[in-house]
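Okay, so here's the structure we're looking at.
The values are calculated or read from the model by the stated rules, or taken from the named source; none is laboratory data. This one's a predicted model, so the numbers in the text were calculated from it and none came from an experiment. Here the Cβ positions follow ideal geometry from the backbone for every residue, glycine too, while neighbour counts run over all protein chains shown. Just so you know, the surface numbers come from the protein's heavy atoms only, side chains and all, with ligands and any DNA or RNA stripped out. Shrake-Rupley method; radii C 1.70, N 1.55, O 1.52, S 1.80 Å.
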Amino acid sequence: MPVVASDAHRGHDPPYEVNFGKVVRPAWEQVARGELLREALARAGHPVAEPREHGPEPLLAVHEPALLDFLGRAWADWRDAHGPRVLIPDTFPLPGLGRGTARDPAGGVGRPGWFCFDTATPLVAGSWPAAVAAADAALTAADLVAEGATAAYALCRPPGHHAGPGYYGGFCLLNNAAVAARALSRLGRVAIVDVDFHHGNGTQDVFWEDPAVQYVSLHGDPAVHYPYFTGRADETGGGPAAGANLNRPLPDGTGDDAYLGVLRSALQAVAAFAPAVLLVSLGVDTFAEDPIGGFSLSRAAYPRIGGLLAGLAVPTLFVQEGGYALDALGDCVGGVLDGFQAAR
């Protein structure tokens with residue numbers, strides 16, 4: 001399967017993040033993730049190509065100009081305002097703050113909190129180029145699918161499904177899957193199946209009222225897992241897209257058979273949607289030993305996931321999301337791709 005990957009991800013190398021308001025720990029979203037995945041897939045025989053530049057237009061089809069402008073200048077502005085060596089906001093405009101008068105401060109160390117919703121998504125000097133390259137990887141792989149490839153895989157780092165129209169967070173700066181899905185919508189209906197452990201709040205938000213894009217997500221219970229505020233089963237889409245959003249929150253400890261049973265049922269809804277293209281937000285933090293997941297999937301589950309996805313028999317784009325058990329990362333992602341190809 002063609003793999004699209006960029007070395008630019010190496011520039012996004014934050015030394016730490018902040019969790020639970022006080023815990024400073026090494027960043028989960030680290031360079032080793034991209035390097036290990038690329039090496040594993042190349043070793044398995046998947047051809048690897050660099051992405052081509054697509055410019056700002058596909059990003060603007062998903063994200064607000066203010067967010068893109070902020071991210072493009074964030075690091076330089078932060079340093080000009082005498083921010084420390086890692087950009088992490090610590091003040092956020094909560095609903096009702098200032099009796100509705102809260103506004104973008106337009107500069108200084110307070111501005112990042114206008115766009116970022118957590119303290120676990122640090123920015124460094126190379127973060128923006130890495131984010132643009134990740135989106136270009138998704139778009140380049142989407143081009144391959146549009147040109148007739150049965151499937152393609154975009155090795156996106158940083159990941160994307162938590163980034164929304166005007167905000168970023170959850171390790172995500174740009175929503176690579178949403179950008180690619182919007183580009184692929186020229187072919188007809190697009191179904192996004194998100195198998196990351198965490199709910200893709202950003203992707204859901206982007207397509208909430210878009211009847212041409214179906215969003216289906218299997219994830220940990222948002223009552224106890226990030227991003228907490230979205231991902232309930234009663235979130236089904238708005239306006240003309242009512243019913244096009246399908247969330248399947250699952251309990252901690254969910255294992256292979258239970259997970260695959262729910263996925264099989266969810267894919268029946270995808271088949272009924274009759275998409276022209278399938279996009280898979282491929283997170284493998286569902287693995288039993290993942291340090292920030294809560295499911296109990298074994299390595300053997302991932303080829304089976306790939307096989308079920310192949311059963312839809314439509315052109316398919318895989319876009320990398322999470323997965324932080326480094327020793328198993330290549331096996332899990334490679335397992336999905338191998339299972340998909342074996343079933344096709």
Report task. Could you work out which residue, out of Arg304, Arg25, Arg182, moves most in a Gaussian network model of the chain, that is, has the largest mean-square fluctuation with Cα springs under 10 Å? Result -> Arg25
Report task. Considering Cα pairs under 8 angstrom that are at least six residues apart, work out the relative contact order of the chain and quote it in whole percent. Result -> 18 percent
Report task. Mind checking which of Pro249, Ala288, Leu308 is farthest towards the positive end of the range 230-344's charge dipole, using Cβ charges of +1 (Lys, Arg) and -1 (Asp, Glu) about the Cα centre? Result -> Leu308
**Report entry** Separation of the Ala81 and Arg264 label points, Cα + 7 Å toward Cβ, nm
**Finding:** 5.2 nm
Query - Size of electric dipole in the chain: Cβ of Lys, Arg +1 and of Asp, Glu -1, about Cα centre, debye, nearest 20 - result: 180 debye
Query raised in the report: What does the accessible area per residue of the chain come to in Å², with a 1.4 Å probe and no ligands, DNA or RNA counted?
Result: 39 Å²
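Just by accessible area at a 1.4 angstrom probe, what is the order of Ser298, Ser217, Ser265 from largest to smallest? Don't skip to the end; give the middle numbers.
Values: Ser298 45, Ser217 0, Ser265 65 Å².
Result of the area sort, largest leading: Ser265, Ser298, Ser217.
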Report task. Evaluate the distance, in nm, between pseudo-label points positioned 7 Å from the Cα of Tyr228 and of Ala313 along their respective Cα→Cβ axes. Result -> 4.6 nm
Query raised in the report: Helix 31-43 versus the longest principal axis of the chain: what is the Cα-based angle in degrees, 0 to 90, to the nearest 10?
Result: 20 degrees
Requested in this report: Express the carbon and sulfur contribution to the solvent-accessible surface of the chain as a percent, rounded to the nearest whole number, probe 1.4 angstrom.
Outcome: 55 percent
**Report entry** Choice from Ala181, Ala146, Ala44 showing the highest fluctuation, given a GNM over the chain with Cα pairs closer than 10 Å
**Finding:** Ala44
Query raised in the report: Using r as the Cβ-Cβ distance of Asp327 and Arg186, and R0 as 30 Å, what FRET efficiency do you calculate, to the nearest 0.05?
Result: 0.15
**Report entry** Prolate/oblate/rounded label for the range 126-246 (Cα gyration tensor, a/c 1.5)
**Finding:** oblate
Query - Simple label model, 7 Å out from Cα along Cβ direction - Ala49 to Glu64, nm - result: 3.6 nm
Query raised in the report: Given springs between every Cα pair under 10 Å in a Gaussian network model of the chain, which of Asp257, Asp196, Asp221 has the largest fluctuation?
Result: Asp257
Requested in this report: May I ask you to derive the FRET efficiency for Arg344 and Glu39 from their Cβ-Cβ distance with R0 = 30 Å, giving the value to the nearest 0.05?
Outcome: 0.75
Query - Average Cα contact separation per residue, the range 256-344, under 8 Å, 6 or more apart, as relative contact order % - result: 36 percent
Report summary line: Output ordering of 285-296, 62-73 (per-residue mean of other Cβ within 10 Å, highest first) is 285-296, 62-73
Report summary line: Length-normalised contact order of the range 246-298, Cα under 8 Å, at least 6 apart, in percent, tallies to 46 percent
Report summary line: Reported to the nearest 10 Å², Leu260 has, with a 1.4 Å probe, an accessible area equal to 0 Å²
Report task. When a/c is below 1.5 the answer is rounded, else prolate if a/b is larger than b/c, else oblate, so apply that to the range 211-344 with a ≥ b ≥ c taken from the square roots of the Cα gyration tensor eigenvalues. Result -> oblate
Query raised in the report: At 222 nm, what helix-only mean residue ellipticity would the chain give, in deg cm²/dmol to the nearest 500, using -39500 (n - 2.57) for each DSSP H run of four or more?
Result: -10500 deg cm²/dmol
Report task. Mind checking the full-extension length gain between Ala125 and Asp90? Use 0.36 nm per residue of separation minus the Cα-Cα distance, one decimal, nm. Result -> 10.7 nm
